[in-house]
Amino acid sequence: FSAAVLVFSAAGLAHGQVSLSLTSGSAAPGSAVTLGLTLNSTATNGPAGLQWTLGFSTAEVSSLTVTAGPAAAAAAKTLSCVPASGSVRCILYGLTPAVIPNGVVANVQVTLTAAATGGASSPIPLTNILATTAGGAAMTTSGGSGVITVQATDTQAPTAPGTITASAASATQINVSW
């Protein structure tokens with residue numbers, strides 16, 4: 001059995017620019033938000049394989065899950081991610097030379113810890129970005145990180161409504177007060 005292997009090398013950097021960028025979002029402590037990881041390639045022939053690492057603060061983020069996005073599915077690519085403490089490393093590859101189109105290549109679901117500090121921002125750095133052509137040549141890459149803003153919890157105690165009174169002022173008018 002022989003499978004295509006992605007080779008990330010320093011050779012062949014003249015194949016165009018590949019950019020990955022992670023959107024930003026906000027969520028309340030203990031809840032989740034999904035961010036998009038978007039590919040934008042100006043290369044004549046875009047990348048056939050991608051690799052990246054997402055980082056996060058374990059004090060603010062309890063889990064980070066990455067699933068293939070519509071652009072990955074359109075190119076029939078497989079996403080494989082390896083989680084570690086404070087990071088997730090992913091590779092998007094396929095056994096065909098299909099180019100990955102511009103668009104959302106991955107959906108990143110970020111779940112905040114219940115103890116996440118409301119009003120704080122937690123960066124989700126995007127690093128170790130690599131791209132390769134179908135022939136295995138490396139492509140020039142860049143990336144943009146995302147930020148999760150932790151929504152502040154409501155500390156205002158609820159108040160009960162006052163007494164409501166209604167009176168008929170006339171046959172066509174009702175007065176309501178509280």
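The values are calculated or read from the model by the stated rules, or taken from the named source; none is laboratory data. Predicted model only: the values in this text are computed from it and were never measured. Each accessible area value is taken on the protein alone, full model and side chains, heavy atoms only, with ligands, DNA and RNA left out. Shrake-Rupley method; radii C 1.70, N 1.55, O 1.52, S 1.80 Å.
Here are the numbers for the structure shown:
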{"quantity": "T78, T172, T133, ranked by accessible area, largest first (probe 1.4 Å)", "calculated": "T172, T78, T133"}
{"quantity": "For the chain: accessible area per residue (Å², 1.4 Å)", "calculated": "53 Å²"}
{"quantity": "Potential lengthening between T23 and A98 on full extension [0.36 nm per residue; Cα-Cα distance subtracted]", "calculated": "24.5 nm"}
{"quantity": "Sum of -39500 (n - 2.57) over DSSP H runs of 4+, divided by residues of the chain (222 nm, nearest 500)", "calculated": "-500 deg cm²/dmol"}
{"quantity": "Net length gained if the chain between Q151 and A84 were fully extended (0.36 nm per residue, minus Cα distance)", "calculated": "21.5 nm"}
{"quantity": "Computed over the chain, Kirkwood Rh from alpha-carbon pairs, angstrom", "calculated": "18.7 Å"}
{"quantity": "Relative contact order computed over the chain (Cα-Cα under 8 Å; 6+ residues apart), in percent", "calculated": "32 percent"}
{"quantity": "The chain - percent of accessible surface contributed by carbon and sulfur, probe 1.4 Å", "calculated": "57 percent"}
{"quantity": "Phi to ³J(HN,Hα) by Karplus 6.51 cos²θ - 1.76 cosθ + 1.60 over segment 58-66, Hz, x for Gly, Pro", "calculated": "5, 6, 9, 10, 8, 7, 9, 10, 10"}
